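Following: one structure in structure tokens, then a few remarks.
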Amino acid sequence: MAQVRFFAPDTDAFVDSVVRHADEFRAQSGLHLDIKIIPTDEYFSNDIHKYLDGTDAADVYMSGPVLLWEHISAGFVEPLDAYMAQASTDFGAADFFPSLITSNRWTGRFGDRLGTGSLWELPVNCEAYNLAYVPATLEKYGVSVPTTWAEYFAAAQQLQSASNGAVRGFAQRGIQVWHTMYTGYATQFWSYGAQDFDDAGKCAIASPAGIAATEDFIAGLHRSGPPAWLDQHWHELAMDFCADQYGLIVDSDHYVAFYENQEKSQVAGRMGYALPPIGPSGKRVSNMWTWSLVMNAKSDNKAATWQFMEWAAGKKFLLRSAFEGNMNPTRRSTWDDPQFQAMAAAWGNFYPVARRLIEQEAKVLVTPNPHYLRLADRWVAAIRSAYAGEQSVADALLAAAADIDTMVG
């Protein structure tokens with residue numbers, strides 16, 4: 001029997017849905033589905049090429065912007081335009097939000113923005129970065145919902161002070177991994193008018209705007225962020241917020257699946273959601289991430305692999321997976337589904353905020369580069385060094401920028 005090898009990390013709702021319904025695919029296709037799951041930390045290190053090469057290589061695997069760019073450079077990604085052109089009518093390729101397709105097109109050349117070139121992956125889950133908060137907590141301590149980053153850090157400090165430390169002002173991930181800079185920090189950084197690279201391709205993180213953004217970020221962390229910020233993992237952060245330990249957070253809007261879990265969250269049904277704050281530049285931006293299916297260019301069974309991708313990224317599967325915790329949906333048809341809208345209606349202002357971000361505000365802000373994981377890791381090391389008082393913010397970012405230019409060159 002022909003087979004499709006699917007490779008993915010644990011602790012992921014979409015992957016859980018694939019595992020849960022694997023027998024359905026086997027029955028419908030007549031193909032054997034072989035599933036290999038590894039720990040999330042190993043997967044997101046992106047050191048996974050050993051699983052993508054050789055006789056037992058995965059045919060299809062999970063990835064996203066930043067991670068994907070390294071795989072393209074290494075020859076482990078099959079362009080999907082020809083497959084999409086031949087997709088079944090039921091698949092509904094035009095049903096995906098255009099912004100998500102744009103974020104997965106690239107020429108493969110550093111300096112070229114996303115949106116042109118080949119389509120490399122199918123989005124099955126996405127996230128933008130919103131402002132989430134607990135209205136009752138803000139009201140209790142006389143804090144208004146912030147609309148600017150200055151107000152955000154001031155509100156966090158007020159929460160911290162007025163509660164005598166019982167509530168931390170804002171939650172923020174902080175360990176030495178690339179996505180520490182990619183989520184809330186990047187949304188703030190670009191809102192200040194800063195960017196990672198200038199038009200000439202030089203690293204620009206140590207620009208005046210970049211330094212100002214990072215100084216405000218680190219000062220805010222010390223005053224009212226997580227007490228052990230250097231050790232704050234993303235999943236633990238979400239669980240701490242669900243335990244009602246914070247008042248504010250700018251991070252993934254797919255955290256709604258954690259926040260609104262009536263069985264596990266103390267803040268379920270009590271949350272508020274808003275657009276991310278505006279920076280001193282007058283800009284409101286939100287970074288974006290898509291969690292997507294990738295066909296391995298080294299697969300020897302691409303036709304069968306596409307069958308799996310049509311099933312797992314299809315309308316029916318993605319609608320069902322949204323009710324199994326796979327947030328946020330990537331298809332209009334899911335967001336337009338009455339049952340989904342009814343479920344989301346219990347989540348305060350989540351639905352209109354999240355949909356506006358997907359359709360209008362959010363995009364992948366960072367400059368695509370096959371080495372982005374390495375340079376993001378260096379950037380995070382600079383932020384952590386400045387937080388620990390080992391260097392000033394300016395010195396830390398200047399040193400990191402010099403190293404990053406060497407990496408790119």
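The values are calculated or read from the model by the stated rules, or taken from the named source; none is laboratory data. All values derive from a computational prediction rather than experimental measurement. Please note: Cβ atoms are built from the backbone with ideal geometry, for glycine as well, and neighbour counts cover all protein chains shown.
For the reader, a short list of remarks on this structure follows.
- Test set (1) in contact with a Lys or Arg (Cβ under 8 Å, 6 or more places away or on another chain); (2) more than 20 Å from LEU357 (Cβ to Cβ); (3) of a type in the set (Asp, Glu) - ASP216 fails condition number: (1)
- Candidates LEU319, LEU373, LEU398, filtered to the one that is over 18 Å from TYR185 (Cα atoms) and in a helix (DSSP H, G or I): LEU319
- ALA209 outside the structural domain of PHE44 (by TED's automatic domain parsing), over 27 Å from GLU70 (Cβ atoms) and at pLDDT below 95: no
- If you go through segment 316-347 and keep only what is within 11 Å of PHE14 (Cα to Cα) and not hydrophobic (A, V, I, L, M, F, W, C), you end up with ARG320, SER321, GLU324, GLY325, ASN326, ASN328, PRO329.
This table checks each residue for (1) in the same structural domain as PHE197 (by TED's automatic domain parsing); (2) without any contact (Cβ under 8 Å) to a residue 12 or more places away in the chain.
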{"residue": "ILE48", "(1), (2)": "no, no"}
{"residue": "TYR51", "(1), (2)": "no, no"}
{"residue": "THR55", "(1), (2)": "no, yes"}
{"residue": "VAL77", "(1), (2)": "no, no"}
{"residue": "TYR83", "(1), (2)": "no, no"}
{"residue": "THR107", "(1), (2)": "no, yes"}
{"residue": "ASP112", "(1), (2)": "no, no"}
{"residue": "LEU138", "(1), (2)": "yes, no"}
{"residue": "VAL143", "(1), (2)": "yes, no"}
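- Any hit, segment 149-164, residues being assigned by TED's automatic domain parsing to the domain that holds ASP16, under 22 Å from the mean Cα position of the chain (by Cα) and touching a residue at least 24 places away in the same chain (Cβ under 8 Å): no
- Filter result for the condition that a residue is out of contact with any Pro (no Cβ under 8 Å at 6 or more places or on another chain), in contact (Cβ under 8 Å) with a residue 60 or more places away in the chain, of a type outside the set (Gly, Ala, Ser) and not in a loop (DSSP other than H, G, I, E, B), over PHE170, PHE189: PHE170
- Single residue of segment 39-62 satisfying the filter (β-branched (Val, Ile, Thr) and farther than 21 Å from ARG374 by Cβ) that is surrounded by the fewest Cβ atoms within 10 Å (Cβ to Cβ): THR55
- For segment 91-142, a residue qualifies if it is hydroxyl-bearing (Ser, Thr, Tyr) and not in a strand (DSSP E or B), and the qualifying residues are SER99, THR102, SER103, THR107, THR116, THR137, TYR141.
- Taking the listed residues ALA386, ALA346, ALA342, ALA354, the one that is outside the structural domain of ASP90 (by TED's automatic domain parsing) and either in a helix (DSSP H, G or I) or not acidic (Asp, Glu) (or both) is ALA386, with no other qualifying.
- Verdict on PHE340 being closer than 23 Å to SER286 by Cβ and either of a type in the set (Phe, Trp, Tyr) or surrounded by 21 or more Cβ atoms within 10 Å (Cβ to Cβ) (or both): yes
- Test: ALA213 is surrounded by 15 or more Cβ atoms within 10 Å (Cβ to Cβ) and closer than 23 Å to VAL408 by Cα: no
- Pick from segment 154-167, criterion in a loop (DSSP other than H, G, I, E, B) and among the small types (Gly, Ala, Ser), ranking: surrounded by the most Cβ atoms within 10 Å (Cβ to Cβ): SER163
- The requirement of being modelled with pLDDT of 95 or more, among the charged types (D, E, K, R) and over 30 Å from GLY30 (Cβ atoms) is fulfilled somewhere in segment 324-332, by at least one residue.
- Qualifying positions in segment 22-62 - touching a His at 6+ places or on another chain (Cβ under 9 Å), assigned to a helix (DSSP H, G or I) and of a type in the set (Phe, Trp, Tyr): PHE44
- Among the residues of segment 63-90, the one identified as surrounded by 13 or more Cβ atoms within 10 Å (Cβ to Cβ), among the β-branched types (Val, Ile, Thr) and not in a loop (DSSP other than H, G, I, E, B) is ILE72.
- Residues in segment 295-317 include none that are buried (at least 20 other Cβ atoms within 10 Å of the Cβ) and among the basic types (Lys, Arg).
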